[in-house]
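Sharing a structure with you now.
What follows is calculated from the coordinates using simple rules that are stated; it is not laboratory data. Since the structure is predicted, the reported quantities are computational estimates derived from the model, not experimental observations. Virtual Cβ from ideal backbone geometry, glycine too; neighbours counted across all protein chains shown.
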Amino acid sequence: MSAAATLVDRIRAGGDVPRHVAVIMDGNGRWAQERHLPRPVGHREGMKAVREAVEGCIAAGVDVLTLFAFSEENWNRPPVEIGALMSLLEEYIGREAAELRSNGVEAHVLGDLSRLNPKAREAVERLLAQTSGGTKLRLNLAISYSSRAEIAHAARRLAEDVLQGRLALEDVDEDAVSVRLYTAGLPDPDLLVRTSGEQRISNFLLWQLAYTELYITPVLWPDFTRQNLFEAILDYQGRERRFGRVTA
């Protein structure tokens, strides 16, 4: 039996599996730099880790996987790197869409797609159409995503609903905000994994991560395997989640 299979057995015997896992995929550039390679090579290698994370979540019984693929702030990177990232997004979709569909994955996108070039946007829309109806795993790809922008968007929708009389001011509460976020209807992440050892949230799911368990690993994203994911889930299963309460 492989080490990964052994870890899956431990997860199944270990108690609650996180329903929703979020991942900040960090370290592609550093991986390439350490090998004296161009940064886009690191991003290309990172695509293998995406498959590992998706298949690992299915094996472990996770319902939702949210991957931070491209932030709104990433648009400030050099145009050559942005172009390479958009090309890799198209390549990933072309290579993986059929496999995702056959594995029962339903893909969704969180973020502002209006800034994507037409070819990348068409590829994303094709991915969403091809995987619609998958029941084993919901895969959220955060592309051109900013959590502060998401919250501001929800606030504008709330203000408009109040102004138009569709919502009373006294009914503006946490639930009213949550249903206007990109993740409406989904459970908040139970577990956030960040690779490369960096210890920050990076404007990712700020509202949704209020009580999420954090797992930071020094592994760079291109080296991340399903075994690393299983280790994170096992660590999660060993924690006591109190949500601000005190255990008697």
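So, in nm, how far is label Leu37 from label Arg95 when the simple model puts each one 7 Å beyond its Cα toward the Cβ?
The modelled label-to-label distance comes out at 1.1 nm.
Compute the Cα gyration tensor for segment 43-118, then decide on rounded, prolate or oblate, letting a ≥ b ≥ c be the square roots of its eigenvalues: rounded whenever a/c is under 1.5, prolate when a/b is larger than b/c in the other cases, and oblate in all that remain.
Taking the square roots of the gyration eigenvalues as a ≥ b ≥ c, segment 43-118 is prolate.
Specify whether the C-alpha gyration tensor of segment 67-179 places it in the rounded, prolate or oblate class, a ≥ b ≥ c being the square roots of the eigenvalues: rounded for a/c under 1.5, otherwise prolate if a/b is larger than b/c and oblate if not.
oblate
Another question, if that's okay. Given R₀ = 30 Å, FRET efficiency for Ala168-Gln199 by Cβ-Cβ distance, to 0.05?
The computed FRET efficiency comes out at 0.15.
Mind listing which trypsin sites (Lys or Arg not before Pro) in segment 163-248 are in a DSSP loop and have 14 or fewer other Cβ atoms within 10 Å?
Those that pass, being in a loop and sparsely packed, are Arg166, Arg200, Arg239, Arg241, Arg242, Arg245.
Place +1 on the Cβ of every Lys and Arg and -1 on the Cβ of every Asp and Glu in segment 100-248, take the dipole about the Cα centre, and give the residue among Ala120, Ala142, Ala168 whose Cα lies farthest towards its positive end.
Ala120
Counting other Cβ atoms within 10 Å of each Cβ, which GluC sites (Glu not before Pro) in segment 164-205 have at most 14 and sit in a DSSP loop?
Answer in residue order: Glu198.
Looking at segment 118-220, which chymotrypsin sites (Phe, Trp or Tyr not before Pro) are in a loop (DSSP not H, G, I, E or B) and have at most 14 other Cβ atoms within 10 Å?
For chymotrypsin sites (Phe, Trp or Tyr not before Pro) across segment 118-220 that sit outside H, G, I, E and B with at most 14 neighbouring Cβ atoms in 10 Å, the list reads Tyr211.
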